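One structure below.
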Amino acid sequence: MKYVSTRGNAPEAAFLDILLSGLAPDGGLYLPASYPPVGRDELDRWRTLPYADLAAAVLGRFVTGIAAADLERLCRQTYTAQVYGHGRPDSDAAQIAPLRWLEPGLALLELSNGPTLAFKDMAMQLLGALFEYALARSGERLNILGATSGDTGSAAEYAMRGRPGIKVFMLSPHGRMSEFQRAQMYSLADANIFNIAVEGVFDDCQDLVKAVSNDLEFKRRLRIGTVNSINWARVAAQVVYYFKGYFAATKRSGERVSFAVPSGNFGNVLAGWIARCMGLPIERLVLATNENDVLDEFFRSGRYRLRAAAETLATSSPSMDISKASNFERFVFDVVGRDAPLVRRLWAQLDARGSFDLAGTPHWQAVRSSGFVSGRSTHADRLATIRELHARSGLVIDPHTADGLKVAREHLSPGVPMICLETALPAKFAGTIVEAIGRQPERPAGYADVESRPQRFTVLPADMERLKAFIETHVG
């Protein structure tokens with residue numbers, strides 16, 4: 001298995017090379033040279049595997065340079081009831097990513113039972129183990145630079161805290177996360193964790209990560225890596241739970257299902273696209289946005305139009321307050337027939353004009369036949385969805401999952417189960433939950449007083465040179 005850049009001007013690379021590097025040297029994103037096919041016989045064999053063994057089987061299709069026995073051991077050490085034990089009281093903590101039926105034909109895949117109560121833990125905990133394994137073999141150190149709109153940051157920090165040879169520099173938009181999200185990150189006192197609150201929106205944070213990553217001399221000298229879904233290993237690890245959800249919702253391989261995915265940066269739903277390309281029988285990938293509807297606009301019209309920081313709304317599903325979807329480039333690379341020169345031209349146009357349009361081109365039909373459909377959800381929709389589900393079943397969901405559920409209901413098909421991916425536990429967004437149902441959401445043990453804990457962070461402007469100087473001062 002070799003990896004290629006979406007921009008086409010970087011040499012092919014092996015898995016361990018791209019694991020620690022993030023962006024390709026030409027500014028593109030790495031993808032497998034081809035997606036490994038999974039046939040019906042393999043689906044039958046994988047159907048009854050525990051989550052850890054399923055992860056080893058799926059990831060074994062993408063990972064080279066790590067012995068199969070070592071990969072299996074890393075997966076079994078990661079995917080345990082102890083790590084994913086923050087389930088709801090009526091959840092089976094021993095079952096990783098359980099499926100809960102909400103009504104006939106509509107289910108919720110519970111992905112938020114990890115240490116930071118968000119789906120990002122499903123991949124990030126394994127990424128931490130993979131980083132530690134690779135660094136132990138090479139004797140090198142790694143300085144991780146990441147950006148978060150809310151959940152990636154805490155998931156990365158909890159996965160990397162205390163790991164030898166690793167420091168984490170995490171950017172977040174100053175004042176634009178929930179109080180819980182902010183406290184969960186900023187209250188960590190580990191010496192290898194540095195939280196940087198950027199004066200701007202998430203897209204400013206993401207642009208800084210890309211700018212630093214494109215300074216190849218600085219990146220090489222300071223050993224800069226990434227944990228955002230820019231990192232292919234994170235996307236690959238997320239592919240696993242699509243297989244888990246499929247097996248839980250079906251009785252026989254060959255049956256088809258659909259997935260509804262709340263999406264801002266396109267990484268989570270991209271993993272579903274990869275699973276579909278591998279041969280998992282996915283009918284539709286239902287992409288749900290909030291009021292920041294850049295992706296919904298594209299799938300409805302063919303036009304991908306970025307929004308300026310001033311146009312990026314602060315909403316009650318803040319982890320999706322994103323107007324530049326990093327992983328979208330990987331999808332476009334696929335639907336334009338992996339034409340890297342065209343991808344370079346499209347992204348040059350995006351940089352110059354802020355948009356490009358595939359409608360009316362030969363590639364629009366490939367988008368229309370990709371299985372993607374989309375929809376948009378508002379604050380009022382979130383409240384209504386949370387309120388209605390709670391009244392009917394007693395279940396409380398977070399606002400992002402509510403966006404996904406609202407749009408999922410718009411795309412139900414008879415005979416095809418719809419699986420909505422859970423984003424986070426509602427405890428992380430208490431204000432919206434109180435507004436919807438009039439009471440505080442339950443909190444898992446250990447998080448009762450998180451907002452009152454001392455917080456440690458540094459405020460910086462959205463300036464690459466200031467950020468580089470901060471990193472250089474603290475790498476040790």
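Each value in this text was obtained by applying a stated rule to the coordinates, not by laboratory testing. Bear in mind the structure is a predicted one, so any value in this text is a computation, not a measurement. Cβ atoms come from the backbone with ideal geometry, glycine included; neighbour counts cover every protein chain shown.
Overview of results
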{"read-out": "Estimated FRET transfer efficiency when R0 is 45 angstrom, pair ARG252-ARG466 (beta carbons, to 0.05)", "value": "0.20"}
{"read-out": "Dipole of the chain, positive end: most advanced residue of TRP46, TYR30, SER213 [Cβ charges, Cα centre]", "value": "TRP46"}
{"read-out": "Taking GLU435, GLU103 and counting other C-beta atoms within 10 Å, the order from fewest to most", "value": "GLU103, GLU435"}
{"read-out": "Debye log10 I(q)/I(0) for the chain, one point scatterer per Cα, at q = 0.08, 0.12, 0.14 Å⁻¹", "value": "-0.42, -1.04, -1.54"}
{"read-out": "Check: the chain dipole with +1 on Lys, Arg Cβ and -1 on Asp, Glu Cβ, in debye", "value": "620"}
{"read-out": "Zone of GLU179's modelled label, taken as backbone nitrogen in segment 440-460 under 17 Å from a point 7 Å along Cα→Cβ", "value": "440-444, 447-456"}
{"read-out": "Between segment 434-476 and segment 12-44, the Cα center-to-center distance that results, in Å", "value": "32"}
{"read-out": "Derived scalar couplings ³J(HN,Hα) [segment 408-414; Karplus, 6.51 cos²θ - 1.76 cosθ + 1.60; whole Hz; x for Gly, Pro]", "value": "4, 5, 7, 10, 6, 10, x"}
{"read-out": "Phi to ³J(HN,Hα) by Karplus 6.51 cos²θ - 1.76 cosθ + 1.60 over segment 225-232, Hz, x for Gly, Pro", "value": "x, 10, 10, 4, 6, 3, 6, 4"}
{"read-out": "Dipole magnitude of segment 163-294 about its Cα centre (Cβ charges: Lys, Arg +1; Asp, Glu -1), debye to nearest 20", "value": "740"}
{"read-out": "Label-reachable residues, segment 199-215, where backbone N falls under 17 Å from a point 7 Å from ALA309's Cα toward its Cβ", "value": "199-212"}
{"read-out": "For the chain, with +1 on Lys and Arg beta carbons and -1 on Asp and Glu, the positive-most of LEU412, PRO454, THR473 along the dipole", "value": "LEU412"}
{"read-out": "Charge dipole magnitude, Cβ of K and R +1, D and E -1 - segment 276-324, Cα centre, debye nearest 20", "value": "240"}
{"read-out": "Span from the segment 341-394 Cα centroid across to the segment 247-286 one, whole angstrom", "value": "16"}
{"read-out": "3J(HN,Hα) from dihedral phi, segment 118-127, Karplus parametrisation 6.51/-1.76/1.60, rounded to Hz, x for glycine, proline", "value": "9, 4, 4, 4, 4, 9, 5, 4, 5, 4"}
{"read-out": "Ranked ARG252, ARG223, criterion: other C-beta atoms within 10 Å, fewest first", "value": "ARG252, ARG223"}
{"read-out": "Total formal charge among the other residues, if their Cβ is under 13 angstrom from that of ARG300, Lys/Arg +1 and Asp/Glu -1", "value": "-1"}
{"read-out": "5 Å-binned pair-distance histogram of segment 255-363 (Cα, whole percent)", "value": "2, 11, 21, 24, 20, 14, 6, 2, 0, 0"}
{"read-out": "Extent along principal axes [Cα atoms of segment 82-194; Å; largest to smallest]", "value": "51, 37, 22"}
{"read-out": "Mean separation of Cα contacts under 8 Å, 6 or more apart, over the residue count of the chain: relative contact order %", "value": "19"}
{"read-out": "Bridge type composition, the chain - antiparallel percent by DSSP, nearest 5", "value": "25"}
{"read-out": "Extended-chain gain in nm, criterion 0.36 nm per residue less alpha-carbon gap, ASP53 and SER369", "value": "110.5 nm"}
